[in-house]
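Read-outs: derived from the displayed coordinates by stated rules, not from any lab. Everything quoted here is computed from the prediction, not taken from an experiment. Every residue, glycine as well, gets a Cβ built from its backbone with ideal geometry; the counts of neighbours run over all protein chains shown.
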Amino acid sequence: MFLKQYKYDKIYFVMGKIIISPSILSADFANLEQEINAVKSAGVEWIHVDVMDGHFVPNISIGVPVVKSLRKVTDLVLDTHLMIENPERYIEPFAKAGADILTFHYEACRDSKHVWEVINLIKSFNVKVGLSIKPKTSPENIFEFLDCLDLVLVMTVEPGFGGQIFMHDCAMKIPSIKEKAKNNLIIQVDGGINNLTAKICISLGANSLVAGSYIYGSEDYKKAIESLY
């Protein structure tokens with residue numbers, strides 16, 4: 001297969017390659033460095049960092065200090081998912097802490113103008129831009145932004161907690177996004193990803209998968225990761 005490679009500074013995206021981004025939300029927080037090195041040894045190049053504020057979603061997770069600490073101990077891509085209100089307030093701190101990708105939620109913005117403001121703010125810090133949609137949000141709502149994004153994150157569970165059941169109807173958003181998107185857009189799926197649902201998402205056009213409990217809840221990280229392709 002011909003593989004076309006796009007260079008995103010330290011981020012390399014190869015068309016035809018599926019990016020696995022293990023979510024540290026399901027990792028052992030007492031041993032995060034060890035947990036990250038374990039999945040790196042299993043072959044991943046990205047780590048998914050779930051940031052929750054207890055307002056936009058009903059849970060609180062990690063913040064800027066943890067991202068800063070992670071940056072000191074790993075060269076993996078820090079794929080940072082902001083599930084927070086008023087994302088514009090936190091772009092600079094997370095960018096300076098070492099996030100490589102900042103993905104914010106369409107639903108966290110007041111209107112299209114607000115979305116554009118956050119996109120441009122992220123770009124001003126030379127960080128890659130992702131935009132996420134929750135299960136009840138139509139993909140048509142984000143079509144106007146696609147050409148300026150590096151990544152779209154389709155949530156196949158309600159954001160806020162790990163270990164939820166995959167929503168098949170949400171995965172059906174993937175083909176319409178793929179049809180409208182530029183060729184090098186990363187279409188990522190997060191929520192209920194396992195060896196079966198991963199195949200569904202890939203068949204629909206996804207090229208990046210976030211998996212937390214499926215990987216970190218397994219006895220063999222490498223085997224779990226390889227089963228997703």
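Do we have any residue at all in segment 200-217 that's in a helix (DSSP H, G or I), exposed (fewer than 15 other Cβ atoms within 10 Å of the Cβ) and free of Cβ contacts under 8 Å to residues at least 24 places away in the same chain? Step through it out loud before you land on a result.
At the first step, the residues of segment 200-217 found to be in a helix (DSSP H, G or I) are 200-204, 213-216.
If we keep only those that are exposed (fewer than 15 other Cβ atoms within 10 Å of the Cβ) as well, we get 203.
Next cut, free of Cβ contacts under 8 Å to residues at least 24 places away in the same chain only: 203.
The answer is yes; a qualifying residue exists.
Scanning segment 90-146 for residues that are of a type in the set (Val, Ile, Thr) and over 19 Å from residue 191 (Cα atoms) yields 91, 115, 118, 119, 122, 127, 129, 142.
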